[in-house]
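The values are calculated or read from the model by the stated rules, or taken from the named source; none is laboratory data. Only a predicted model underlies this, so the values are computations on that prediction, with no experimental measurement involved. Methodologically, a virtual Cβ is constructed for each residue, glycine included, from the backbone with ideal geometry; neighbour enumeration extends over all protein chains shown. Ligands, DNA and RNA are excluded from the accessible area calculation, which covers all protein heavy atoms including side chains. Shrake-Rupley method; radii C 1.70, N 1.55, O 1.52, S 1.80 Å.
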Amino acid sequence: MPLLSRAGSWFCLILGVVGAAPASAAELVECQRWLIVGEYQKCIEGTTEAIMQNRFGEAWPVTKAQAEVATGQSAAALQTVKTALERYNWSVRLRWIGIDAARLSGDGETAKKLFDELVDHATRFAWRYTDSEEIVVLGKMDLLNGVDPKTVLSQRYEKAKQRNSRSRDAWLAIGELALDKHDSALAAEALQEALMLFPEDPDVHFGLVLATSDSQRDASAKHLEAALKANERHVPSLLYQVELMIDSEAYDAANEMLAAIEKINPQQPEQWAYRAVIAHLKSDAKGETTFREKALSQWKNNPRVDHLIGRKLSQHYRFTEGAVYQERCIKLIADEKLLEPSTLAAAKRQLAEDYLRLGREEVAWNTAEEARKVDEYDVATFNLLELRDSLSKFTTLEDDEFILRMETKEARLYGAEALALLKRAKKTLGDKYGLKLDHKITVEIFADPDDFAVRTFGMPAVSGYLGVCFGRVITANSPASRRENPSNWQAVLWHEFCHVVTLQMTHNRIPRWLSEGISVYEELQANSAWGQRMDPRSRQHILDGGLTPLSQLSGAFMRPASGWHLNFAYFESALAVEFIVKTHGMPALRNVLTDLAAGLPINTALDRRCEPLANMEPAFEAYCRQRAEALAPGTDFSKPDLAGLLNADNDEFEVWVREHPKSFIGAMANAEKQLAERDWAEAETALKKLIQLYPNYIGGDNAYEKLARVYRELKRPTDETATLMQFTKLDGSAVAARLRLIELQKSAADWTGLSQTATGLLAVDPLLKAGYEATAQSAEQLKQPEQAVAALERILLLEPDDLADTHYRLAKALQSVGRAKDARRQVLMALEEAPRFRAAQELLLQLTREKPAATN
C-alpha cells in the first residue's frame with residue numbers, strides 16, 4: 001500500500017492508467033484522461049459502457065475501479081475487480097487496486113486473499129508479467145514483503161521504465177519510493193524527468209510539490225497550482241492545502257476545504273483524520289473522537305489514521321498527545337499483523353522524535369533503532385541515529401534545574417555562563433509569569449548546523465533558525481555556526497527559555513504568534529540591545545497596510561514571501577504583545593495564557609481578558625501606525641531618486657540636500673558622497689546630522705560605524721571610542737565595533753571600559769580569543785585575579801599566540817587567589833615552552849619558597 005504519511009496517497013489513483021491498448025484505444029485513452037483530470041463520473045460511465053459491450057482489456061476495469069475508489073465507491077470498486085477477475089484471472093493490476101478497495105470497504109479478509117493471490121501469481125508465473133505497469137505492481141508487492149528498496153528500485157522500477165519510458169507508473173513509483181525514504185533530491189530528479197513527458201499531469205506535479213516543499217518553496221507552490229489547474233478535484237493536492245491551512249492555524253478555511261473534499265470522496269479517511277486534528281487543536285475532545293471514528297468507519301484497523309493525527313499534533317508541539325497516537329498506530333500494526341512497513345517505520349521514527357522532544361531520551365533512541373530495523377534506507381532515521389553518535393561526544397553540565405549539552409571545548413569556554421544565564425532567565429521569567437517548574441529543562445547547543453537541523457526538524461540543511469524550544473527541550477545553534485552572521489547567544493537562550501515558560505504554562509496550547517511575540521518582547525525587556533526594533537522598512541510596511549490581522553498572524557510564519565517577511569512576523573507579534581500589555585496590563589496577558597491552558601481558543605481568551613477581537617484588531621492596527629509614525633519624529637523617510645543629481649557636474653545635489661534637511665535618504669546619500677571623496681570634515685558633519693535625525697538606526701549602513709571610521713582617519717581616538725560605545729549600547733550583536741573598541745580602550749588604558757566591552761563581545765561570540773585576552777588584561781589591571789584566572793584558562797583552550805606568557809600570567813593569577821599548587825604547575829609549563837623565561841624562573845623560586853595553601 002502507498003504511504004499516507006504526508007498529504008495522503010497520490011500513487012494509488014494513477015497505478016495502471018496507461019496499459020496495453022485494446023482495439024478501442026482512443027476511447028480508453030479518453031476514459032483514462034478523465035480519470036487524470038478529475039472527471040470521475042464520466043470515466044465510470046465510459047468504462048462501464050465498454051465493459052458491458054464486452055470490450056477486451058484489463059485496463060477498462062482497472063480504470064473504472066480507480067475512478068470508483070477516487071469517489072468513495074470502494075464497495076463498487078471491489079465488485080468491479082471481482083467481476084473482472086473472472087475474465088482476467090491472471091491480472092496483478094486488478095488485484096492491486098482490489099486490495100485498496102477491499103480495505104477501504106472494511107473487507108480485510110478479501111484484501112488479504114487478493115494479496116496472497118498476487119504473491120502466488122508473481123511467484124509461479126513471473127515470466128508472464130512483462131508490461132511496465134505490471135512490473136511496477138510487483139515492485140510495490142516486494143516492498144510490502146520486505147524486499148530491499150534498492151533492489152526494488154533497480155530490478156523493478158528502473159526495469160519498468162526501460163520497458164516503456166513513457167510509463168507514468170514507473171516514473172511516479174520511483175518518485176514515491178524516494179519520498180518514502182526522505183530522499184527529496186532523487187524524487188525531484190525523477191519527477192522532473194517525468195514532467196517533460198507529462199507536463200500537465202497533476203500526479204507528477206503533486207509529487208514535485210512534496211519533493212520541493214522544504215528546499216524550494218516557491219517551486220513547490222507553483223507545482224501545487226499546476227496540479228490543481230490540471231485537476232481541480234485532485235484530492236492529494238486539496239489535502240496538502242488543508243495541511244498548510246492547519247499549520248497556519250486557519251482552521252475555518254481548512255474545514256471548508258475538507259467539506260469540498262468530502263463531496264468528491266466521502267470515504268476518504270484522511271479528511272476525517274484532519275478534522276480530528278483540528279478538533280484537538282480547538283480543544284474539542286468529543287469532536288476529535290467522533291472524527292477519528294469516522295476516519296476508521298470503513299477500514300477499522302487503518303494504522304495510517306493514527307499516524308497522521310499524531311504527526312500533525314506533534315507539528316503543533318502537542319508531543320505528548322502525538323506520541324500517544326503513534327504508540328496506538330504501532331500497537332495496531334503489531335496486534336493485527338498488518339503489512340504496513342512504511343507506516344510502521346514512519347510511526348516509529350516520529351515517536352522517537354516525540355520522545356526526544358519530551359526529554360525521554362533512552363526510550364527515544366531505542367525507538368529510533370527499531371525504526372531503522374524496519375527500514376534501513378530511510379534517510380531521516382539514518383540522520384537521527386547519526387545525531388545520537390554526535391551527541392554522545394558532547395559534554396553534559398547538569399544541576400538541579402538544567403541539563404546542558406555542548407561540544408566539550410565550547411562547554412569549557414562558556415558553559416558556566418550559559419547555565420548562569422538560563423538560571424537567571426528561569427527566575428526572572430518564572431516570577432513574572434507565575435510559573436514554577438518542577439522538572440529539569442534540557443538545552444542542547446550544536447556547533448554543526450546540520451546536527452541542529454536534524455535534532456530540531458528531522459533533516460539537515462534547514463537554515464534560518466537560531467534556536468527552537470519544544471517545551472522541556474531547547475535546541476540552539478552555537479555561535480560557531482554563525483560567525484558570518486553573528487547574533488547574541490545570550491539573547492537567543494533568553495528568547496528560547498521564554499518559550500519554555502509560555503509552552504509549559506499553556507500545555508503547548510499557545511498559538512505561534514503569541515508565543516513568538518512574548519519571547520521577542522521579553523528579549524527587549526531584559527536588554528534594550530536585544531530583540532527587534534522598528535526600522536524604516538518595517539515602518540513603511542505598516543503604513544502601507546502590510547500588517548497581518550491578529551486572527552491570521554500565525555499564518556504569517558508559514559511560507560513567508562522572504563526572510564524579511566518572516567522577521568517582520570516576529571516583530572509584529574512582539575508589537576501585539578506590547579499592545580496587550582500597554583492597553584490591558586500584564587495580568588491580562590497572564591490570564592490569556594491561563595485560559596489557553598484550560599483549552600479555550602485564543603480568540604475566546606482575548607475576548608475574555610482583553611476585548612472582543614473585532615475591536616482589538618483595528619485598535620492594534622492604529623497602535624502600530626502610531627508607533628510607525630513616531631519613529632524618528634520629524635524625519636522624512638520618503639525615497640526620492642537622487643541618482644541623477646548625484647551624477648550631475650553641478651551643485652544641484654548640494655542644493656537639494658539644503659532644501660530637504662529632514663530627508664533620511666538625502667542625509668545618507670550626502671554622507672556617502674563625502675566619505676567617497678574622503679572629505680572627512682564634511683563627512684563628520686553629515687554623519688552627525690544623520691545620527692541626529694535617527695539616533696536609533698543600527699542597520700548595516702548605520703552612521704555610527706561610518707562616523708567612527710571618520711574619527712579614525714582624523715586620528716581622534718576619544719571621539720571614535722565615544723561613537724562606538726554609543727553604537728554598541730544599541731546593537732547587542734556588533735562584533736567588529738567591539739573588536740575596534742578593545743583596541744582603543746587598551747591604548748587608553750581604560751580597563752573598566754575594556755572589561756565591559758569584552759563582556760559584550762563574548763555575549764556574541766564566546767569563541768573569540770580577543771574577548772578573553774581583553775578580559776584577562778583588564779582583570780589583571782583592576783586587580784581581579786579570579787576573573788583573570790577564568791579568562792586565561794579559556795585563552796589556553798584557544799591556542800594563544802604566546803603560550804609561555806599565558807601560562808606565566810595564569811600562574812601569577814593563581815598565586816593571587818591562593819592556588820599555589822596549580823600556580824606551580826602553570827609556571828612549569830611556561831618554562832617547558834621557554835626555559836630561559838626569567839620572570840617565570842623567579843616566580844617558580846618564589847612559589848617553591850611559599851608554603852602550599854591548605855586547599856592544595
Of the candidates E189, E176, E134, the one satisfying the condition of being without any contact (Cβ under 8 Å) to a residue 12 or more places away in the chain and of a type in the set (D, E) is E189
Go through (1) closer than 30 Å to L797 by Cα; (2) surrounded by 17 or more Cβ atoms within 10 Å (Cβ to Cβ); (3) not small (G, A, S) and name the single condition F382 misses. (1)
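The rows are residues; the columns are (1) surrounded by 18 or more Cβ atoms within 10 Å (Cβ to Cβ); (2) assigned to a loop (DSSP other than H, G, I, E, B).
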site	(1), (2)
D169	yes, no
P199	no, yes
V209	yes, no
D214	no, yes
A221	no, no
If a residue must be over 21 Å from the mean Cα position of the chain (by Cα) and of a type in the set (F, W, Y), how many such residues does segment 351-399 contain? 3
Cβ-Cβ below 6 Å, separation at least six or inter-chain, first residue in segment 482-500 and among the polar types (S, T, N, Q), second open to solvent by 20 Å² or more (accessible area, probe 1.4 Å): which pairs? S487/L466; S487/S733; N488/S733
Consider Q504 carefully, then state whether it is more than 18 Å from the chain's Cα centre (by Cα) and either open to solvent by less than 30 Å² (accessible area, probe 1.4 Å) or touching a residue at least 24 places away in the same chain (Cβ under 8 Å) (or both). yes
Just to check your reading of the model, which residue among K113, K150, K161, K140 is farther than 18 Å from R93 by Cβ and among the basic types (K, R)? K150
Considering every residue within segment 469-490, establish whether at least one is under 19 Å from the mean Cα position of the chain (by Cα), modelled with pLDDT of 90 or more, buried (at least 22 other Cβ atoms within 10 Å of the Cβ) and over 22 Å from R357 (Cα atoms). yes
With the structure loaded, tell me whether E270 is on the phi < 0 side of the Ramachandran plot and either surrounded by 17 or more Cβ atoms within 10 Å (Cβ to Cβ) or modelled with pLDDT of 95 or more (or both) or whether it fails that test. yes
If we scan segment 229-241, do we find a residue that is open to solvent by 50 Å² or more (accessible area, probe 1.4 Å), part of a loop (DSSP other than H, G, I, E, B) and modelled with pLDDT under 95? no
Taking segment 273-295 and the residues there that are within 30 Å of Q41 (Cα to Cα) and in contact with a helix residue (DSSP H, G or I) (Cβ under 6 Å, 6 or more places away or on another chain), the one that is most open to solvent (accessible area, probe 1.4 Å) would be K294
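Results for (1) among the charged types (D, E, K, R); (2) more than 31 Å from the chain's Cα centre (by Cα); (3) under 30 Å from Y465 (Cα atoms), shown as yes or no for each residue.
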{"site": "F568", "(1), (2), (3)": "no, no, yes"}
{"site": "A574", "(1), (2), (3)": "no, no, yes"}
{"site": "V581", "(1), (2), (3)": "no, no, yes"}
{"site": "E611", "(1), (2), (3)": "yes, yes, no"}
{"site": "P633", "(1), (2), (3)": "no, yes, no"}
{"site": "D649", "(1), (2), (3)": "yes, yes, no"}
Show the residue pairs meeting these rules: Cβ distance below 8 Å; 6+ apart or different chains; first residue within segment 593-606 and without any contact (Cβ under 8 Å) to a residue 24 or more places away in the chain; second residue of a type in the set (G, A, S). D595/A605
For segment 107-115, check the following and say yes or no: at least one residue is outside any helix (DSSP H, G or I) and charged (D, E, K, R). yes
Residue among G555, G531 that is in a helix (DSSP H, G or I) and either surrounded by 19 or more Cβ atoms within 10 Å (Cβ to Cβ) or not small (G, A, S) (or both): G555
What tally of residues in segment 242-267 results from selecting those that are open to solvent by 20 Å² or more (accessible area, probe 1.4 Å) and either more than 24 Å from A77 (Cβ to Cβ) or free of Cβ contacts under 8 Å to residues at least 24 places away in the same chain (or both)? 16
Can you give me the number of residues within segment 144-160 that are assigned to a helix (DSSP H, G or I), open to solvent by 40 Å² or more (accessible area, probe 1.4 Å) and in contact with a helix residue (DSSP H, G or I) (Cβ under 7 Å, 6 or more places away or on another chain)? 3
Filter result for the condition that a residue is modelled with pLDDT of 90 or more and farther than 25 Å from R709 by Cβ, over L613, L675: L613
Could you tell me whether any residue of segment 319-329 is modelled with pLDDT of 95 or more, of a type in the set (D, E, K, R), open to solvent by 60 Å² or more (accessible area, probe 1.4 Å) and over 23 Å from L358 (Cα atoms)? no
Only one of (1) assigned to a loop (DSSP other than H, G, I, E, B); (2) surrounded by fewer than 22 Cβ atoms within 10 Å (Cβ to Cβ); (3) among the hydrophobic types (A, V, I, L, M, F, W, C) does not apply to W299, and that is (2)
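Please return the ranges of helices (runs of 4 or more DSSP H) entirely within segment 712-783 where 2 or more residues are within 28 Å of T408 (Cα to Cα), touching a residue at least 60 places away in the same chain (Cβ under 8 Å) and open to solvent by less than 60 Å² (accessible area, probe 1.4 Å).
Values: elements: 717-730, 735-747, 751-764, 769-781.
Those helices (runs of 4 or more DSSP H) span 751-764.
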Filtered residue count, segment 331-345, keeping only those that are in a helix (DSSP H, G or I), among the hydrophobic types (A, V, I, L, M, F, W, C) and either closer than 30 Å to T502 by Cα or open to solvent by 30 Å² or more (accessible area, probe 1.4 Å) (or both): 3
Residue satisfying all of: in segment 549-575; over 20 Å from D218 (Cβ atoms) and of a type in the set (S, T, N, Q); modelled with the highest pLDDT among these: S573
Given the conditions (1) without any contact (Cβ under 8 Å) to a residue 60 or more places away in the chain; (2) more than 17 Å from A188 (Cα to Cα), which single one is not true for E232? (1)
Yes/no for K300 being farther than 25 Å from S213 by Cα, at pLDDT below 95 and not small (G, A, S): yes
Which one of the conditions (1) at pLDDT below 95; (2) open to solvent by 10 Å² or more (accessible area, probe 1.4 Å); (3) more than 28 Å from R163 (Cα to Cα); (4) within 40 Å of the chain's Cα centre (by Cα) does M52 fail to meet, given that it meets all the rest? (4)
